[in-house]
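**Student:** Can you keep this structure in mind? I'll have questions shortly.
Read-outs: derived from the displayed coordinates by stated rules, not from any lab. In this text the structure is predicted, and so the values were computed from the model without any measurement. All Cβ positions, glycine included, derive from the backbone under ideal geometry; neighbour counts span all protein chains shown.
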Amino acid sequence: MIFQENVVQCELDYVRLFSTEYEDENIIRFRNHEIRDMYTHNFTYIKKNEKELKLRSLIEEEIALSSREQSKFCNIVINSEIHPRILSYIRNPSVLGKNGFYKFDFSKLQTIEGVEGCQIEKITTVEAFDDMLKVDLDSDGAEFGREFCVRRCYGRSPIYLKENGLDAYLCYHGNTLIGRCDLFISGEVAKIEDFSVIQKYQRQGFGSTLLKSMIEKALAQDCKTVYLVTNESDTAKHMYEKIGFDKIGEMSEIRFIL
């Protein structure tokens, strides 16, 4: 399964909103010095499908660097399969995951059923981040803790509030907070990110309503491609497929514990 080049470019441009980068012929290394413990902002992307020995060497170099930086982890991302034999040679414990890339089929847009009475509001003030935090705590608080969710939410607020950065949206039904979602546009490609519906409002059509709104906003800005990324073990991917997202690629993510 071959990635569209413009989707890969959009993915890298998205990370650049938050992180500094170092690039050479083999890798792009991202670091967010404000949120150093956030995996998705601190990782090394291996650009080519290297042979086993070269791949192992690159990974070991990144682990050594992360250790010198006194990081608690080293995150490696590559758009190919990782043979388990490579991990067996590296003594650090690791967690291997797979993220699927799903592109929306625009012909399915009119078949998405929405919930009447929903308001999708773009975040334009610092005060609105209080509601974003409520959604984040509901979805991630148990796993990552309140302190991390607070740092992540308010730490990224300048990116959300700047012109031509990343747009954040909140979903309400009447006066009730339902969920949130981000929309990032790079050229003619739009990425839907941080999609979340408060648990007690899930499986009621609110998620489809929110996603449909993001797709319509991307189309209004002349985007030709709309995609999202989800962990392949996440049950949400079945909902994405049901409303019209088709898988276009997969990336492996290996997190080494230091």
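**Student:** Restricting things to Cα coordinates, could you compute the convex hull volume per residue of region 111-156 in Å³?
**Tutor:** Hull volume normalised by residue count: 117 Å³.
**Student:** Report the one residue of Phe73, Thr40, Tyr102 whose Cα lies farthest in the direction of the positive end of the charge dipole of region 8-105 (charges on C-beta: Lys and Arg +1, Asp and Glu -1; origin at the Cα centre).
**Tutor:** Looking along the dipole axis, the top candidate is Phe73.
**Student:** What shape does region 53-153 take by its C-alpha gyration tensor, where a ≥ b ≥ c are the square roots of the eigenvalues and a/c under 1.5 counts as rounded, a/b above b/c as prolate, and the rest as oblate?
**Tutor:** oblate
**Student:** Could you give the dipole magnitude of the chain about its Cα centre, charging the beta-carbon of Lys and Arg +1 and that of Asp and Glu -1, in debye to the nearest 20?
**Tutor:** 520
**Student:** Leaving out same-chain residues fewer than 8 places away, which aspartates and glutamates sit with a Cα under 18 Å from that of Lys54?
**Tutor:** Partners found: Glu23, Asp24, Glu25, Glu62, Glu81, Glu253.
**Student:** Let me ask you something else. Between Arg156, Arg31, Arg85, which gets the highest mean-square fluctuation from a Gaussian network model of the chain, Cα cutoff 10 Å?
**Tutor:** Arg85
**Student:** For region 222-235, take each phi angle, set θ = phi - 60°, evaluate the Karplus expression 6.51 cos²θ - 1.76 cosθ + 1.60, and give the result in whole Hz per residue in order, putting x for glycine and proline.
**Tutor:** Here the 3J(HN,Hα) series is 6, 6, 9, 9, 10, 9, 9, 10, 9, 5, 5, 8, 7, 5 Hz.
**Student:** While we're on this one: Among the GluC sites (Glu not before Pro) in region 44-86, which ones are in a DSSP loop with at most 15 other Cβ atoms within 10 Å of the Cβ? Mind listing them?
**Tutor:** Answer in residue order: Glu69, Glu81.
**Student:** Something else about it: What's the extension gain from Gln204 to Lys98 if we count 0.36 nm per residue and subtract their Cα-Cα distance?
**Tutor:** 35.4 nm
**Student:** Name the chymotrypsin sites (Phe, Trp or Tyr not before Pro) in region 28-115 that are in a loop by DSSP and that have at most 15 other C-beta atoms within 10 Å, would you?
**Tutor:** Tyr89
**Student:** Given that just one value was derived from the coordinates, which of (i) 20; (ii) 26; (iii) 16 is percent of Cα pairs over 31 Å apart?
**Tutor:** Recomputing percent of Cα pairs over 31 Å apart here picks out (ii).
**Student:** While we're here: Which trypsin sites (Lys or Arg not before Pro) does region 183-240 hold that lie in a coil by DSSP with at most 15 other beta carbons within 10 Å?
**Tutor:** Within region 183-240, the qualifying trypsin sites (Lys or Arg not before Pro) (loop, at most 15 other Cβ atoms within 10 Å) are Arg203, Lys224.
**Student:** Right, here's the next one. Suppose every K and R has +1 on its Cβ and every D and E has -1 on its Cβ; what is the size of the dipole of region 185-258 about the Cα centre, in Debye to the nearest 20?
**Tutor:** So the dipole magnitude of region 185-258 works out to roughly 300 debye.
**Student:** Evaluate region 159-258: find the radius of gyration of its Cα atoms, find its Kirkwood radius, and give the ratio Rg to Rh.
**Tutor:** 0.98
**Student:** Based on DSSP H runs of at least 4 residues, each adding -39500 (n - 2.57), what is the mean residue ellipticity at 222 nm of the chain after dividing by all its residues, to the nearest 500 deg cm²/dmol?
**Tutor:** -10500 deg cm²/dmol
**Student:** What are the DSSP H helices in the chain that stretch 18 Å or more along their long axis, judged by alpha-carbon atoms, and whose average Kyte-Doolittle hydropathy comes to at least 0.0?
**Tutor:** Counting only whole DSSP H runs, the qualifying helices are 206-220.
**Student:** Over region 1-89, what is the mean sequence separation of C-alpha contacts under 8 Å (at least six apart), divided by residue count, expressed as relative contact order in percent?
**Tutor:** Dividing the mean separation by the residue count of region 1-89 yields 22 percent.
**Student:** Give me the extension gain from Lys48 to Asp105: residue separation times 0.36 nm, minus the current Cα-Cα distance, reported in nm with one decimal.
**Tutor:** Full-extension gain reported as 17.7 nm.
**Student:** If you don't mind, there's one more thing I want to ask. For Ile35 and Gln9 in the same chain, what is the full-extension length gain: residue separation times 0.36 nm, less their Cα-Cα distance, in nm?
**Tutor:** 7.1 nm
**Student:** Below 8 Å, C-alpha to C-alpha, sequence gap of six or more: please give me the relative contact order for the chain in percent.
**Tutor:** The value is 30 percent.
**Student:** Separate question: I want to verify a result. In a Gaussian network model of the chain, Cα cutoff 10 Å, which of these has the top mean-square fluctuation: Val77, Val126, Val150?
**Tutor:** Val126
**Student:** Now for a different question. Could you line up Arg56, Arg68 from fewest to most neighbouring Cβ atoms inside 10 Å?
**Tutor:** In order of increasing Cβ crowding within 10 Å: Arg68, Arg56.
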